[in-house]
Amino acid sequence: MNKSLPYSFSVPSSWYDGLFKDKGSVVKASRPFTLLHKEKSKKAVLLIHGFTGYPGEMVRPAEDLYLAGFDVFVPRLPGHGTTGKDFMKTGKEDWIGLMENALVAIEKEYDEVSVVGHSMGGAIASILLSRHSEIKRGVLCCPGIELLSLNDKLLKTISFLSHFVKRMKQKWQSDDRYHMHYEDAPADDEYFGSEYWRYAYPKQILALAEIAKEAREGLGNIKSPVLVIGAEKDVLTDPESVFSIAKEIGENGEAIMIKDATHYIYYDISEKAENEAVEATVSFLSK
């Protein structure tokens, strides 16, 4: 994190009106943030993090977009970055609702607004693009639209379990090969693991699948130029799907594949892959 940049760790509380209000404290890496120019820019970008993710994952593209002249907004999805108990009380309406509120508010203040989403955030960005033709441009990075692990059979099992189980233990291990960019990184990783990543949350997984479905069904309604970025080594979303997603969008869609990139492309193990993804994002939105 470049501390010389004008970070502000808040977004308007009105964006959360009507949505679930978290009870737990927000972990440092999960703080929502903005990067705003002293002389207000005419163009803004809304960045959307992923499922069980947090705003700190978007620091690298946020900083590069700010340096390219954008005012940058990175909200925190309800239930994320506080506690697992909060997370269990949130779902599709909270996550999409926040970004709808944020987009509408930002559009009142700027001539041009673009959106960038990673993973589930990419699916939410796709939904916003399908609903709002006025969005200038969009980048869907490893979008959570074609989810490799969630086939129909498994979803039926998860749906059954969701009536009886709030969360189930699963394997997770930290990996210090990734290049985290938020302040004091990666100090909060063990906490995220203990509250989020060591568990599977059936109801929230079903909400993720619903978001993916809505995003997929809305691709043909997108009118804005959209870049879909795929990661060659992605094991969570289908890397090759980025080309079919761009094709579904039509003449305004284009796709690229980043060699050696993993799903966590904006803070990747490969610095080269990370740089390529961020540079592609900034270049596309700056056209």
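Just so you know, all these numbers are worked out from the coordinates, no wet-lab data involved. Keep in mind that what you see is a predicted model, and the values were worked out from it rather than measured. No Cβ is skipped: glycine too gets one built from the backbone with ideal geometry, and neighbour counts run over all protein chains shown.
Amide H to amide H distances under 5 Å link A200 with M168, K169, Q170, where only residues 5 or more positions off or on other chains count and H is placed in the peptide plane.
Taking the chain as a Gaussian network, where each spring joins two C-alpha atoms under 10 Å apart, which residue of S25, S130, S270 fluctuates the most? Result for the chain, Cα springs under 10 Å: S25 fluctuates most.
Other residues whose C-beta falls under 15 angstrom from the C-beta of G138 contribute a net charge of -1, scoring Lys and Arg +1 and Asp and Glu -1. About the centre of its Cα atoms, the chain shows a dipole size close to 820 debye [charges on the beta carbon of Lys, Arg (+1) and Asp, Glu (-1) only; nearest 20 debye]. Mind checking the log10 I(q)/I(0) for region 107-230 at q = 0.14 Å⁻¹? Debye, one equal scatterer per Cα, no solvent, two decimals. Debye output, listed in q order: -0.79. Using only alpha carbons, region 1-120 has a radius of gyration to Kirkwood radius ratio (Rg to Rh) of 0.95. Could you please state, rounded to a whole Å, how far the C-alpha centre of region 11-71 is from the C-alpha centre of region 243-287? For region 11-71 versus region 243-287, the Cα centre distance is 20 Å.
Relative contact order of region 1-124, taken over Cα pairs closer than 8 Å and 6 or more residues apart, is 33 percent. Computed over all pairs of different Cα atoms, the Kirkwood value for the hydrodynamic radius of region 63-174 is 16.3 Å.
Filter the trypsin sites (Lys or Arg not before Pro) in region 1-70 down to the DSSP loop ones having no more than 12 other Cβ atoms within 10 Å, then list what survives. If you can, show how the numbers build up before the last one.
On the way: sites: K3, K21, K23, K28, K38, K40, K42, K43; in loops: K3, K21, K23, K38, K40, K42.
Those satisfying the criteria are K3, K21, K23, K38, K40, K42.
Only helices enter the 222 nm calculation for the chain: every DSSP H run of n ≥ 4 contributes -39,500 (n - 2.57), and dividing by all residues gives -10000 deg cm²/dmol, rounded to 500. When you work out D = kT/(6 pi eta Rh) for region 33-76 at 37 °C and 0.692 mPa s, using the Kirkwood radius from C-alpha pairs as Rh and the Stokes-Einstein form, the result is 312 µm²/s. For the chain, the pair-distance distribution built from all alpha carbon pairs, in bins 5 Å wide starting at 0, is 1, 6, 13, 18, 20, 19, 14, 7, 2, 0, 0 percent.
Can you check what the net charge comes to around G24, using other residues whose Cβ is under 14 Å from the Cβ of G24 (Lys, Arg +1; Asp, Glu -1)? In short, +3. If you bin all the Cα-Cα distances of region 55-121 at 5 Å, starting from zero, the percentages per bin are 3, 14, 24, 24, 19, 10, 5, 1. If you take all other residues with their beta carbon under 11 Å from the beta carbon of P202, and give Lys and Arg +1 and Asp and Glu -1, the sum is +3. At full extension, L161 and L148 could sit 2.7 nm farther apart than now, given 0.36 nm per residue minus the alpha carbon distance. Suppose a student asked you for the relative contact order of the chain, using Cα pairs under 8 Å spaced at least 6 residues apart; what percent would you report? 19 percent. 3J(HN,Hα) couplings calculated from phi for region 93-99 with the Karplus curve 6.51 cos²θ - 1.76 cosθ + 1.60 (θ = phi - 60°) are, in sequence order, 5, 5, 5, 6, x, 4, 6 Hz; Gly and Pro show x.
Karplus-based coupling profile of region 116-122, in residue order and whole Hz: 10, x, 10, 6, 4, x, x, with θ = phi - 60° in 6.51 cos²θ - 1.76 cosθ + 1.60 and x standing for Gly or Pro. Using the average count of surrounding beta-carbon atoms within 10 Å as a protection proxy, the listed peptides 174-185, 107-118, 159-170 rank, highest first, as 107-118, 174-185, 159-170. In sequence order, region 270-285 has phi-based couplings of 8, 5, 5, 5, 4, 4, 5, 5, 5, 4, 5, 4, 5, 4, 5, 6 Hz under the Karplus curve 6.51 cos²θ - 1.76 cosθ + 1.60, θ = phi - 60°, and Gly or Pro positions carry x.
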